[in-house]
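Undergrad: One structure coming up, written as structure tokens, with questions to follow.
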Amino acid sequence: MQRLLDIPGIGLLTATALVGSVGNITAFRRARQFASWLGLTPREHSSGPQRRLGAITKRGNVYLRCLLTHGARAVLLAAQRRAAAHQPLTGLQPWAVHLAARKGHNKTTIAVANKLARIVWAVWARDVAFRVTPVAA
């Protein structure tokens with residue numbers, strides 16, 4: 001749980017809820033399966049080489065999805081404030097700011113929540129520490 005607290009947007013409440021609800025993270029082979037279990041991935045209507053993605057499924061744990069969404073809102077707001085103040089952005093902040101400009105605030109919030117769920121899976125399943133990478137200007 002301590003490693004999860006280093007991830008931006010994941011606080012004590014979210015980390016303990018994830019550890020309590022998931023239990024064994026190795027039950028999920030990939031990060032997408034974990035995000036899908038939470039209900040944060042788009043529904044897929046694919047056939048052959050054509051891939052069509054629909055709306056977010058919302059079929060997972062409502063409480064965990066809500067916590068991750070609120071954490072994603074905090075990450076997005078912090079990124080937008082840093083960008084407006086012309087401070088250097090780190091990690092996924094530049095991606096979030098550019099996506100918010102293109103897609104809107106709410107869609108970006110869910111996309112950031114999906115990204116946070118995948119980061120949680122990577123940190124937890126691989127038992128590594130989360131590192132913030134500075135972005136070159």
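Okay, residues lined up against (1) in contact with a Leu (Cβ under 8 Å, 6 or more places away or on another chain); (2) assigned to a helix (DSSP H, G or I); (3) in contact (Cβ under 8 Å) with a residue 24 or more places away in the chain:
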| residue | (1), (2), (3) |
| --- | --- |
| 68 | yes, yes, yes |
| 73 | no, yes, yes |
| 76 | no, yes, yes |
| 86 | no, no, no |
| 97 | yes, yes, no |
| 102 | no, yes, no |
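Undergrad: Moving on. Go through segment 43-66 residue by residue and tally those that are without any contact (Cβ under 8 Å) to a residue 24 or more places away in the chain, touching a strand residue (DSSP E or B) at 6+ places or on another chain (Cβ under 7 Å) and not in a loop (DSSP other than H, G, I, E, B).
TA: 5
Undergrad: Can you say whether residue 67 is within 14 Å of residue 10 (Cβ to Cβ) and surrounded by 13 or more Cβ atoms within 10 Å (Cβ to Cβ), as far as the supplied structure shows?
TA: Considered against the rule, which asks whether it is within 14 Å of residue 10 (Cβ to Cβ) and surrounded by 13 or more Cβ atoms within 10 Å (Cβ to Cβ), residue 67 comes out as yes.
Undergrad: Might you check whether a residue that is more than 26 Å from residue 90 (Cα to Cα), at pLDDT below 80, more than 15 Å from the chain's Cα centre (by Cα) and in a strand (DSSP E or B) occurs anywhere in segment 21-42?
TA: No - not one qualifying residue is present in segment 21-42.
Undergrad: While we're looking at this one, here's another question. Test residue 92 against the stated conditions and say whether it is hydrophobic (A, V, I, L, M, F, W, C) and either within 19 Å of residue 39 (Cβ to Cβ) or in contact (Cβ under 8 Å) with a residue 12 or more places away in the chain (or both).
TA: Yes.
Undergrad: Sticking with this structure for a sec: Identify all residues within segment 1-20 that are assigned to a helix (DSSP H, G or I) and either of a type in the set (D, E, K, R) or surrounded by 12 or more Cβ atoms within 10 Å (Cβ to Cβ) (or both); write none if there are none.
TA: 4, 5, 6, 14, 15, 16, 17, 18, 19, listed by residue number.
Undergrad: On to the next question. Taking residue 120 and the conditions (1) surrounded by 22 or more Cβ atoms within 10 Å (Cβ to Cβ); (2) farther than 14 Å from residue 18 by Cβ, which numbered condition does it fall short on, given that it satisfies the others?
TA: In the conditions (1) surrounded by 22 or more Cβ atoms within 10 Å (Cβ to Cβ); (2) farther than 14 Å from residue 18 by Cβ, residue 120 misses (2) alone.
Undergrad: Just a yes or no: is a residue in segment 5-23 free of Cβ contacts under 8 Å to residues at least 40 places away in the same chain, small (Gly, Ala, Ser) and either within 19 Å of residue 132 (Cβ to Cβ) or touching a Ser or Thr at 6+ places or on another chain (Cβ under 9 Å) (or both)?
TA: Within segment 5-23 (the criterion being free of Cβ contacts under 8 Å to residues at least 40 places away in the same chain, small (Gly, Ala, Ser) and either within 19 Å of residue 132 (Cβ to Cβ) or touching a Ser or Thr at 6+ places or on another chain (Cβ under 9 Å) (or both)), the answer is yes, since at least one residue qualifies.
Undergrad: Please pick out the residue among 14, 90 that is modelled with pLDDT under 90 and in contact with a helix residue (DSSP H, G or I) (Cβ under 9 Å, 6 or more places away or on another chain).
TA: Just a single option satisfies the conditions, and that option is 90.
Undergrad: Quick check on segment 73-110: of everything there that is small (Gly, Ala, Ser) and loosely packed, with under 13 Cβ neighbours inside 10 Å, which residue is farthest from the chain's Cα centre (by Cα)?
TA: Only one residue fits best here, namely 85.
The values are calculated or read from the model by the stated rules, or taken from the named source; none is laboratory data. Predicted model only: the values in this text are computed from it and were never measured. Glycine gets a Cβ as well: all are built from the backbone with ideal geometry, and neighbour counts include every protein chain shown.
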